[in-house]
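Input: a single structure, listed below in structure tokens.
No value in this document is a laboratory result; all are computed from the given coordinates. All figures in this text were calculated on a predicted structure; none of them were measured in a lab. Methodologically, a virtual Cβ is constructed for each residue, glycine included, from the backbone with ideal geometry; neighbour enumeration extends over all protein chains shown.
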Amino acid sequence: MRQTQKIMAVAGVVLVVAIYFTIEPLLYWTAGSSFTAAAPLVIVQSLAVMLTLVGSVLRSALLAMGLESSVLHSVLVSTAAFHLTAIALIPHVGAMGANIAHILLAVFMDGHDDPRLP
């Protein structure tokens, strides 16, 4: 399981770096110049997606081991953190607040480390 998480993390970092360097021209080419301002949002969102993908391995392992309550606990905590962060940040920083909340959601979901895991 840890190997799969490392592979997903490395692939995710490569993707985030690739997005960092290519997103502005890609947005310009596909959506036009008025959308290039969304590049920072895409970069931050790609980081959140990478963290979510890495955490999916852990959640699948916990479910396979019959530890549904551990998954439920991490989902409840991370969902609460997401909503509290989104409610606090969106009025002040707009869409970036939602992206930051998504990162926090992924971190709380991934941060659950059950001692029964290999």
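With of a type outside the set (S, T, N, Q) and loosely packed, with under 14 Cβ neighbours inside 10 Å as the only criterion, which of ALA101, ALA61, ALA31 stands out?
ALA31
For region 52-68, which residues satisfy the criterion of being within 10 Å of GLN5 (Cβ to Cβ) and among the β-branched types (Val, Ile, Thr)?
VAL54, VAL57
Starting from region 23-37, keep only residues that are touching a residue at least 12 places away in the same chain (Cβ under 8 Å), then list their pairs with residues that are assigned to a helix (DSSP H, G or I) and among the polar types (S, T, N, Q) whose Cβ atoms are within a distance under 6 Å, requiring at least 6 positions of separation or different chains.
Listed by first residue and then by second, the contacts come to GLU24/THR36; LEU27/THR36.
For region 7-38, name all the residues that are under 20 Å from ALA95 (Cα atoms), of a type in the set (A, V, I, L, M) and under 19 Å from the mean Cα position of the chain (by Cα).
Matches in region 7-38: VAL16, ILE19, ILE23, ALA38.
Can you give me the number of residues within region 50-81 that are touching an Asp or Glu at 6+ places or on another chain (Cβ under 7 Å) and closer than 19 Å to ALA11 by Cα?
4
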